[in-house]
Amino acid sequence: MNSSSAAPIPVTVLTGFLGAGKTTLLNRILTEQHGQKLAVIENEFGEVGVDHQLVIQGEEELFEMNNGCICCSVRGDLIRILSRLMKRKDRLDGILIETTGLADPGPVAQTFFTDEEMKTRYRLDSIVTVVDAKHIWLHLDDSPEAKKQIGFADVLILNKTDLVPPAELDKLEKRIRHINAAAKIHRARNCDVPLAAVLNVGGFNLSRATELDPQFLEPGYPFEWAGAYPLPAGTHTLAIGHPPGEDGHDHGHEHSSDHDHGHEHHHHHDHAEKELDVVILPVKSLAEADLTAARQAAVLSFSDWENKVADGEAVAPGGTLHRLLLKDGCGRFPLPLPHPGHYLVFEGCGEHPLHIEVSGENVRPVWQRDYEHTHSHDDDVTSVGISTPGDLDSKKLNTWISELLRTKGNDIYRMKGVLSVKGSGQRLVFQGVHMLFDAKLDRAWGDAPRTNTLVFIGKNLDRPALNEAFRSCLA
């Protein structure tokens, strides 16, 4: 593809709260006879990857990001995948990005305006938000993601209109208009909207995005702090969470007041008390150009697979994301350095004091900076993933699912999966939203292993009970 002459490739972002119908819309697009060559990028929140099994397989290229939260991984993963797509010899007509139902679409859109190469090669065409007309009322007041998905939308699809009386639809549309008065609204069943309503609509408005979020063009990062340490060659110690030593040295770094944007941090993970992600990179100098290059390299590293490191094991500098496994919030890790110089330490989310010891003495950073990492989705929302071989007894499965939805349906925002049922050569695909449930047989298993893959997303999920009840359904 000739970058000097080719027009930017249009990108459509499909978003919407859990169970709204994003995958249904995606499959409608992929099965239309539109003659366009598309690539699809997916993200999932659940512990096990299932969405790629629910997308109809065609000629489209499918890329899956299963890092759990697109707002944490989008900068690195999207840039990595989009950069790969740039190298194609045959030009794409468009790209579809389906976000997880808990994603704020802002960071996705931001990628196409804060990265120079992305700005040149791609064009954000529109953000299309699917709204579950029946269940969205359960989330509008207590989920910031649901509001942001509606607020950023250029096109809104009020889906499942057959489940809601016309008066309720009018009431919902009025409420949505208070959040977003500019978006084009379509009412639909099973996302049955014309293709022209969602592709190449030219709907994204940068000025409206910056009005909605004044920090829209200010990049977010998957780390909260970085510090530069002048270190000699040799093996030193990276210490996490330890109090000041008996020698009186203060071993904790202090987050500086030199924030990139002057905002508070809002990111909290379940692993905050047990793990800490770090990337350690050598840097030529503390000049802004070298710091910027290192920061960009760190963004890509944070999106890659992590190297889990137990207390006492070594961490090496380079482009590797190290996930430090801590004991009671503390850990000591040998840090072998082949060359003297400045080393940048990028610290992920957490409140752990971090310091580096050289010959037992604490070395303070000569440069440090805090980075905004806004991640506000409800931490009470979790997922339980199950993946196991074997055939299921259909009667036992139906009885369990029916009872589960009757007793826990309000807490189950979303469930979906591909199951192997005894006596059937076809996959059973099931999807549920709160107390609504649908299951149908689709393509044959063929030579594929008959493995059951399912995920539950919601609140107050009892992992042991779900796993035990599922196993009891095996034939």
Item checked: Pairs where the first residue, in region 280-295, is assigned by TED's automatic domain parsing to the domain that holds His322 and the second is part of a helix (DSSP H, G or I) and not hydrophobic (A, V, I, L, M, F, W, C), C-beta under 6 Å, 6+ apart -> Val283/Asp290; Lys284/Asp290
Item checked: Qualifying positions in region 111-157 - farther than 19 Å from Leu26 by Cβ, in a strand (DSSP E or B) and polar (S, T, N, Q) -> none
Note to self: Can you go through Thr451, Thr399 and tell me which one is more than 30 Å from Phe346 (Cα to Cα), under 28 Å from the mean Cα position of the chain (by Cα), among the hydroxyl-bearing types (Ser, Thr, Tyr) and modelled with pLDDT of 85 or more?
What the structure shows: Thr451
Next item on the list: Output the residue which, of all residues in region 82-122 that are surrounded by fewer than 18 Cβ atoms within 10 Å (Cβ to Cβ) and β-branched (Val, Ile, Thr), is modelled with the highest pLDDT.
Entry: Thr120
Note to self: Filter region 291-349 down to the residues that are in a loop (DSSP other than H, G, I, E, B), within 23 Å of the chain's Cα centre (by Cα) and of a type outside the set (Gly, Ala, Ser) and list them by number.
What the structure shows: Asp304, Trp305, Thr320, Cys349
Notebook entry, point to check: From Asp154, Asp142, which residue is crowded, with 24+ Cβ neighbours inside 10 Å, of a type in the set (Asp, Glu) and in contact (Cβ under 8 Å) with a residue 40 or more places away in the chain?
Noted result: Asp154
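Out of the residues in region 360-389 that are assigned to a loop (DSSP other than H, G, I, E, B) and modelled with pLDDT of 90 or more, state the one that is surrounded by the most Cβ atoms within 10 Å (Cβ to Cβ). Break it down into steps so the answer makes sense when it comes.
In the first step, residues of region 360-389 are kept if they are assigned to a loop (DSSP other than H, G, I, E, B); the result is 360, 364-366, 371-381.
Still in the list and also modelled with pLDDT of 90 or more: 364-366.
Numbers: Arg364: 15, Pro365: 22, Val366: 11.
Applying the filter and picking the extreme gives Pro365.
Matching residues to (1) under 22 Å from the mean Cα position of the chain (by Cα); (2) modelled with pLDDT of 90 or more:
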residue: Thr129; (1), (2): yes, yes
residue: Gln149; (1), (2): yes, no
residue: Phe152; (1), (2): yes, no
residue: Pro165; (1), (2): no, yes
residue: Lys171; (1), (2): no, yes
residue: Arg175; (1), (2): no, no
residue: Leu195; (1), (2): no, no
Next item on the list: Output the residues belonging to region 261-293 that are surrounded by 19 or more Cβ atoms within 10 Å (Cβ to Cβ) and at pLDDT below 90.
Entry: His267, Glu275, Leu276, Asp277
Check: Using beta carbons and a limit of 7 Å, which pairs, at least six apart or on different chains, have the first residue in region 80-101 and within 20 Å of Gln296 (Cα to Cα) and the second one aromatic (Phe, Trp, Tyr) and not in a helix (DSSP H, G or I)?
Finding: Ile81/Phe63; Leu82/Tyr122
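The values are calculated or read from the model by the stated rules, or taken from the named source; none is laboratory data. A quick note: this is a predicted structure, and the numbers were derived from the prediction, not measured. Note: ideal-geometry Cβ built from the backbone for every residue, glycine included; neighbour counts use all protein chains shown.
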